[in-house]
Structure formats: C-alpha cells, structure tokens
Amino acid sequence: MKKIYSTILLLMLSVVLAAATIEIRPVADKIWKVGETVDFTATVLDENGGKLTAGTYTLRVNNSGGKELCKPYVVDVAKDNPFRFSAKLDTPGFIMAQTSTYTPAGGKPGKWANNLAANPPYCGVPVEPEKIRAGLPAPDDFDLFWQNGIEKFKKAQVTITPAENVIKKHYRVSKVHVEFPEKDGFIEGFLAVPEKSGKYPLVAGVPGAGPGATNAIPAYTPGKPAVILWMNVHKFPVAATAAEQKERYQKYNKTFADKKVYSHSMAYDREKYIFRNVWLAVNRAVEHVVENIKEFDNRHIAFVGSSQGGGSALALSYLNKKVTCTVANVPALCDHSGWKLGRRPGWPRLHNAWRGKADESARYFDGANFALRIKTPVMMAVGFADLTCSPSSVYAAYNNLQGKKSMFHMLRAGHYGDKEFAGEVRKFLDKELFAE
C-alpha cells in the first residue's frame, strides 16, 4: 500500500511540475535609464493560474544574458510567491532575469511549462537600448575582404532547373544550384516565378538555422505576387522531404574535421568559415536572377529572414547594392564581440565556441558591421527575453543602420516570430516593393 501511495505522490508531483509556469515582470513596461533601479516580481503559477505554495527555483539576473549583476537568488516559493527583487545597469543594455528549472517540494528539478518562444521563463528590460554599440568595430579591411569575395564569385556557376515535385500555387518553381568558383562546394535552393505574365519585385532570403528548406516559402512575403529566391546554406543537395532533409543535415554536421557543427566549424579562418562562401553564393544567385529572369521588375529587391536568415539579410543587404529594403526578425550573427562589454553575443556565440580563437575572424561576419553600411529601409524585430539572439546583440546592429528604420518590440517573447510583426512586414514590403 505504501508503494501505491508513493507512486501516486510522484505522479502528483510530476503533474505539478509539468504545469508550473513562472511570470517575471518589471514594475512597468518602458525604456529605463542607465543607473535607474528596476523593480521586478516573479510569480509561480499552477495550470489554472493560481499561485503555487511550495517548491524552489534559482533566479539569475544579468546583462543581456552575459555578466551577472548579482548573486543568484534561490527562491522558496512557500515564503516568496511572488518574489520581489531589483536590479540596475550602469551601461546601456538589457536587464535579463532568467530561471531554467523548478523543483517541487520533495521532487526532482524539471523544466518550466512556459512557452519558450512566446512566454519564456525569462524577462528582459531595456536600458537605453538606443545607445547600445557593438563590442568592436569592423576590421580595417572589412570592405576589401568582401569586395574581393564578390569579384571572385562572379565566376560561380548558377544552374536553374525545373523543380517538378515542388508545388506553389500560381508559381513556377525551379531548383537553383550555385557552384563555388573553386569547385569546393555548392548551395541549393528554389526560385519561384509568378505564372501570370508581368513584372515583379524580387524577395530573397535564407531560412533560420537547422536543416534548411525543401520548398520555396520564405519567412516573410508581400501581399502581392513577387519573384522569390529562397536559398539554403548547406553544402548538400536539397531533399524531396523534410524528413530526408533533416537526415542529410544530421549527417552533414558530422563531416567537419574540427568536430563542430556547421555554424561553428572553421570560424577562426575568415576564408573558410561557412558564411563567407554561402553569402557570396547567395549574392551570386541574386545577380543571376537580376540578369536572367525577365519577370523581375529591375527595380525592387527585398532581403528577408528570421534568426540565421535575419543575420543573412543584413549581410546580403550590404553585399548587394541593388537591395532596396530589408526585413530582419530576431537576427542572428550580431555583436560577436558583445562579450567584451559583458553582454551575450548573438547566435552562434563564436567567442564561447572557440574560447576566443575566432574573435578576430568573427568581426568580418558581424551583422552590426554590415548594418553600418546599409542605407536603405530596414524593418527589424527584437525579443526582450531572447537568449538565442540576445536583445542587446539585435540592438547593436539596429543602432548602426544608416537609413530609415523601425524596430518591433516583443516584450515577453524569446526567439520568436510574432504574428503581428508578420502583418507589419507585409505592409512594409507592399509599400517598399510596389512603389511607383
């Protein structure tokens, strides 16, 4: 009988654990000043929204996921629910409060039941974010490095063939293959051209990190038809199905001699880091479309993307001077040197991955350095509670933009694609791409 009761108790605890969520909130949603004290509350709730009365968790407070602002709090829910605490920053950034696990009374630690994207167990508060600057400036030969690459990739061969198994209503879809000029690799993707005759703007981009796309559907599109170029970043053929693409991706990540995943491999060598050839190859594909696709209107090009795609959008908007507007949702590959100022750099956090060995090379692949050279309209979004692409890293790039720009704030979101932002993007693209 005792064994039965013990089993029931464990099941009850697991239910409580699975249902436990935490809400961490500042006293006010606003832009705070440097040196200003911000008061917070952290409340642990059950599945019905009621306050839990037992358990513990550890709460850490830092600068944008980087330097700790105080010792971690070990919170006893029986005594402090809500738990109240305060923090401040002496430099521009984001006060980030985060907790990863909750331990019910007598139970084992487990993850919170929070939605990690839309409502994560973190909270970010902006402190004069408009004053955030990148950890380091661009190298002196930044422009020369990329210009040399563009010249070299003018020799890259682009092949376009029908993609008969890829269906996109009202579009003709083709597969795009770009061979690197040294014949040491390639990337593939899709080109979708409206079936109805006419002239259309071009929307180009790459997917977020992971296996890549098996179709021609970008992260963001205008409300009207456009020519679409959607390119993967991996050096293997596009698969017919998502499952097969994932399998190829997993095998691909095991091929690197340094035992790193693609986003980290050879990052210490600016000539061999994957995004060097990938971005140059995507730029070559854009040029091929401009020169050879008669449906292109010869006027309007948008580069769009989210996360890896957002960072790539900034890079390509610098590389290709024909790009007329940009959309970058929670862009990755920004502020690689943010660690120097106590902040968490954006994905893929090359400083940590290589323990400093890739610091110099990373400066050539920093979205903040690309942004400084972009003068066309840019629309961006930032998640205040994003630990993948920290909000400070996104703002380090945003603040460098030289042209018309707008930032969409997602106050409670982590690494996320907001539906309201998608609607704003559509309006933005319609305005920028179809202007007379």
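The values are calculated or read from the model by the stated rules, or taken from the named source; none is laboratory data. Values in this document were obtained by computation on a predicted structure and should not be read as measured data. Here Cβ is always computed from backbone atoms with ideal geometry, including for glycine, and neighbour counts include all displayed protein chains. Surface areas here come from the heavy atoms of the whole protein model, side chains and all, with no ligands, DNA or RNA. Shrake-Rupley method; radii C 1.70, N 1.55, O 1.52, S 1.80 Å.
Restrict the check to the stretch 260-274 and report whether at least one residue is aromatic (Phe, Trp, Tyr) and farther than 25 Å from LYS175 by Cβ. Within the stretch 260-274 (the criterion being aromatic (Phe, Trp, Tyr) and farther than 25 Å from LYS175 by Cβ), the answer is yes, since at least one residue qualifies. I'm checking my understanding of the structure. Among residues of the stretch 147-164 that are more than 29 Å from the chain's Cα centre (by Cα) and not in a strand (DSSP E or B), which one is surrounded by the most Cβ atoms within 10 Å (Cβ to Cβ)? Residue satisfying both the conditions and the ranking: LYS155.
Residue by residue, here is whether (1) among the small types (Gly, Ala, Ser); (2) farther than 22 Å from HIS264 by Cα; (3) free of Cβ contacts under 8 Å to residues at least 40 places away in the same chain; (4) assigned to a strand (DSSP E or B) holds:
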site: LYS340; (1), (2), (3), (4): no, no, no, no
site: ASN352; (1), (2), (3), (4): no, no, yes, no
site: ASN369; (1), (2), (3), (4): no, no, no, no
site: THR376; (1), (2), (3), (4): no, yes, no, no
site: SER406; (1), (2), (3), (4): yes, yes, yes, yes
site: ARG412; (1), (2), (3), (4): no, yes, no, no
site: GLU424; (1), (2), (3), (4): no, yes, no, no
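Taking the stretch 66-112 as the region of interest, the strands (runs of 3 or more DSSP E) fully inside it that hold 3 or more residues being under 25 Å from ILE132 (Cβ atoms) and either out of contact with any strand residue (DSSP E or B) (no Cβ under 6 Å at 6 or more places or on another chain) or open to solvent by less than 30 Å² (accessible area, probe 1.4 Å) (or both) are 93-98. Between ILE160, ILE132, the distinction of being farther than 28 Å from SER337 by Cα and touching a helix residue (DSSP H, G or I) at 6+ places or on another chain (Cβ under 9 Å) belongs to ILE160 only.
Does at least one position in the stretch 324-331 carry a residue that is of a type in the set (A, V, I, L, M, F, W, C), within 23 Å of SER197 (Cα to Cα) and touching a Gly at 6+ places or on another chain (Cβ under 6 Å)?
No, because not a single residue in the stretch 324-331 is of a type in the set (A, V, I, L, M, F, W, C), within 23 Å of SER197 (Cα to Cα) and touching a Gly at 6+ places or on another chain (Cβ under 6 Å).
Checking each residue in the stretch 284-311 for being open to solvent by 10 Å² or more (accessible area, probe 1.4 Å) and under 30 Å from CYS389 (Cα atoms) picks out ARG284, GLU287, HIS300, SER306, SER307.
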